[in-house]
């Protein structure tokens, strides 16, 4: 199952992990290194519309997100932003936060808002080939099961 919001964020090309009610996608515009989208698979446009089973699964999915990102690049903090202003379906922007800019390949990813709010306008958009390598690197560190 999919919806327009997930497609806008690049599903299936950006897929990191697939769960019964949720998907985790690489965020095409990297606010910080490892920025993700956690998207509900249904057509829900309000958090209160999500069925109890999806809420229950959310505990497992957030554990996987935090474990996978920490295994990939040890962040200092993590932010879950549910904005839903432009893209109507339930989703979160997952922004790992770093006191010192991490690197991936030759690129440095400064956290322009540290230690305050993340600066979404300062995002880095990677070329398609680098985006695939970043997606695959995060997948490699993702917990199994």
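I'm checking my understanding of the structure. Among residues of the stretch 119-136 that are closer than 15 Å to residue 15 by Cα and within 14 Å of the chain's Cα centre (by Cα), which one is surrounded by the most Cβ atoms within 10 Å (Cβ to Cβ)?
Looking at the filtered set, the residue picked out is 134.
Out of all the residues in the stretch 118-143, which are over 21 Å from residue 18 (Cα atoms) and either in contact with a helix residue (DSSP H, G or I) (Cβ under 8 Å, 6 or more places away or on another chain) or touching a residue at least 12 places away in the same chain (Cβ under 8 Å) (or both)?
Correct list: 118, 119, 120, 122, 123, 124, 125, 126, 130.
Among the strands (runs of 3 or more DSSP E) contained in the stretch 1-79, which hold 2 or more residues that are over 22 Å from residue 105 (Cα atoms) and in contact with a helix residue (DSSP H, G or I) (Cβ under 9 Å, 6 or more places away or on another chain)?
Values: elements: 15-18, 22-26, 36-40.
The qualifying strands (runs of 3 or more DSSP E) are 22-26, 36-40.
Tell me which residues, restricted to the stretch 102-119, are in contact with a strand residue (DSSP E or B) (Cβ under 8 Å, 6 or more places away or on another chain), assigned to a loop (DSSP other than H, G, I, E, B) and more than 12 Å from residue 79 (Cβ to Cβ).
102, 109
Which of the numbered conditions does residue 29 fail, given that it passes all the others? Conditions: (1) in contact (Cβ under 8 Å) with a residue 12 or more places away in the chain; (2) surrounded by fewer than 17 Cβ atoms within 10 Å (Cβ to Cβ); (3) over 13 Å from the mean Cα position of the chain (by Cα).
Going through the list (1) in contact (Cβ under 8 Å) with a residue 12 or more places away in the chain; (2) surrounded by fewer than 17 Cβ atoms within 10 Å (Cβ to Cβ); (3) over 13 Å from the mean Cα position of the chain (by Cα), residue 29 breaks only (3).
The numbers here are math on the coordinates, done by the rules we state, and not lab data. Quick caveat, the model's predicted, so the values are computed rather than measured. Heads up, the Cβs are rebuilt from the backbone with ideal geometry, glycines too, and the neighbour counts pull from every protein chain shown.
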